[in-house]
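This report refers to the structure that appears directly beneath it.
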Amino acid sequence: MNIHEYQAKALLKSYGAPVAEGVAIFSAAEAEAAAKKLPGPLYVVKSQIHAGGRGKGKFKELGPDAKGGVRLAKSVDEVVANATEMLGNTLVTKQTGPAGKQVNRLYIEDGADIDRELYLSILVDRSVGQVAFVVSTEGGMDIEAVAEHTPEKIVTVAIDPGKGVTADDLKTLTAALQLDGEARADAEKLFPILYKAFVEKDMSLLEVNPLIVMKNGRMRVLDAKVSFDGNALFRHDDVVALRDTTEEDEKEIEASKHDLAYVALDGNIGCMVNGAGLAMATMDIIKLYGAEPANFLDVGGGASKEKVTHAFKIITADPAVKGILVNIFGGIMKCDVIAEGVLAAVKEVGLKVPLVVRLEGTNVDLGKKIINESGLNVISADDLDDAAQKIVAAVKGA
């Protein structure tokens with residue numbers, strides 16, 4: 001689960017992290033009062049969407065010469081003008097895709113005199129099985145580009161969970177960021193704070209880009225991106241309360257109601273699979289044969305007929321889907337249950353696109369019998385390779 005920048009900053013501030021004063025607004029009418037609460041004379045007007053690259057983004061409705069989704073303002077009147085122009089319009093960044101996201105809220109923040117921009121993130125480093133800091137002196141840039149062109153400028157420090165952030169860890173981190181004086185002292189206080197917040201709130205990612213050193217020598221969290229482990233949200237009602245469903249795909253929201261693992265993608269072949277690994281393999285082989293998956297959908301190992309029905313409804317609700325591949329290996333999940341669920345869904349919502357079904361495992365013969373005797377125009381497949389070729393051919397033929 002993701003939250004907005006202003007929510008992330010409020011959370012980090014509650015742990016003691018240095019952030020600027022700011023006010024979130026939801027209408028242009030609130031902009032003047034919000035700006036007057038801040039010291040000024042420099043203000044930053046920030047679009048609040050769940051996507052990066054806001055500053056370089058463009059508003060669909062405003063033309064190519066308009067300013068991006070993060071703007072500097074030197075007066076209250078300029079804050080109001082920017083807020084009026086930005087709210088309600090669609091911001092397109094490299095992370096939103098061409099459809100963009102509508103800006104429904106802004107964060108009006110006090111400006112900062114920046115001397116240096118640094119990069120910092122905390123994540124779970126699965127290669128060592130520990131939470132790790134990733135830092136670089138190249139803040140404000142795409143960390144992927146830094147990793148590709150100057151990987152030596154990225155330093156990763158894994159944290160021993162039994163010890164937390166140690167003096168040696170701090171020495172390594174501050175040296176990697178080339179910090180000294182007050183900035184180093186601030187960092188030595190900040191890094192344990194960020195680690196504590198990450199662990200206690202079950203975050204999956206905490207990214208501060210940029211983390212700045214101001215001209216007065218002090219540090220500040222200038223931007224903050226936070227994602228939480230969805231499996232741990234039952235422990236954090238306060239975090240769940242921050243969820244903004246308007247930023248999420250409607251199909252993903254619906255899937256979460258039925259405990260389905262669903263992620264919308266950009267392709268046109270809908271996938272329903274049991275098991276995350278098998279789902280990834282299914283998407284890979286669809287791409288191998290020249291098509292693109294429309295979704296990742298894992299119904300789980302013990303899904304019921306009702307759960308399968310809901311999964312099928314979610315897939316068919318996507319207008320981009322031009323064909324469906326059901327790929328089930330029956331273990332706990334019996335093939336006949338899958339077959340009955342698919343047929344129930346087809347009867348309820350109809351079948352307007354090609355459907356290929358590959359079943360294997362427990363009760364596979366019964367499952368195939370149920371489908372073959374259904375009278376529906378379903379294409380059966382013998383194995384995954386056969387299934388992928390058939391659904392790609394069916395979609396291209398259509």
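The values are calculated or read from the model by the stated rules, or taken from the named source; none is laboratory data. Small disclaimer: the values here were computed from a predicted structure and weren't measured. Cβ placement follows ideal geometry from the backbone for every residue including glycine, while neighbour counts extend to all protein chains displayed.
Worth pointing out:
- Pick from the stretch 255-272, criterion touching a helix residue (DSSP H, G or I) at 6+ places or on another chain (Cβ under 6 Å) and under 15 Å from Glu306 (Cα atoms), ranking: surrounded by the most Cβ atoms within 10 Å (Cβ to Cβ): Met272
- Of all residues in the stretch 319-343, those that are within 24 Å of Ala393 (Cβ to Cβ) and assigned to a strand (DSSP E or B) total 7.
- Selected residue [buried (at least 17 other Cβ atoms within 10 Å of the Cβ), within 20 Å of Ser256 (Cα to Cα) and modelled with pLDDT of 90 or more] from Ala291, Ala279, Ala388: Ala279
- Restricting attention to the stretch 180-215, the residues that are closer than 14 Å to Lys9 by Cβ and either among the aromatic types (Phe, Trp, Tyr) or part of a helix (DSSP H, G or I) (or both) total 4.
- Residues that are part of a loop (DSSP other than H, G, I, E, B) and more than 21 Å from Gly341 (Cα to Cα) within the stretch 263-318 comprise Leu265, Asp266, Gly267, Asn268, Tyr289, Gly290, Ala291, Glu292, listed in sequence order.
- Within the stretch 241-263, being farther than 22 Å from Gly300 by Cβ and not charged (D, E, K, R) holds for Ala241, Leu242, Thr245, Thr246.
- Residue match in the stretch 244-257 (condition: among the acidic types (Asp, Glu), part of a helix (DSSP H, G or I) and touching a residue at least 60 places away in the same chain (Cβ under 8 Å)): yes
- Only one entry in Asp237, Asp223 is under 27 Å from Phe26 (Cα atoms) and without any contact (Cβ under 8 Å) to a residue 40 or more places away in the chain, namely Asp237.
- Checking the stretch 237-244 against the condition returns a match, with at least one residue being under 14 Å from the mean Cα position of the chain (by Cα) and among the charged types (D, E, K, R).
- Given (1) surrounded by 22 or more Cβ atoms within 10 Å (Cβ to Cβ); (2) assigned to a helix (DSSP H, G or I), number of the condition Val226 does not satisfy: (2)
- Per-region count, the stretch 81-106, residues buried (at least 21 other Cβ atoms within 10 Å of the Cβ) and outside any loop (DSSP other than H, G, I, E, B): 6
- In the stretch 114-136, the residues that are in contact (Cβ under 8 Å) with a residue 60 or more places away in the chain and on the phi < 0 side of the Ramachandran plot form Cβ pairs under 9 Å with partners that are acidic (Asp, Glu) and assigned to a strand (DSSP E or B), at six or more places apart or across chains, as follows: Tyr119/Glu207; Leu120/Glu207; Ser121/Glu207; Ile122/Glu207; Leu123/Glu207; Val131/Asp125.
- The residues of the stretch 60-77 that are surrounded by fewer than 16 Cβ atoms within 10 Å (Cβ to Cβ), assigned to a helix (DSSP H, G or I) and modelled with pLDDT of 95 or more amount to a single one, Asp77.
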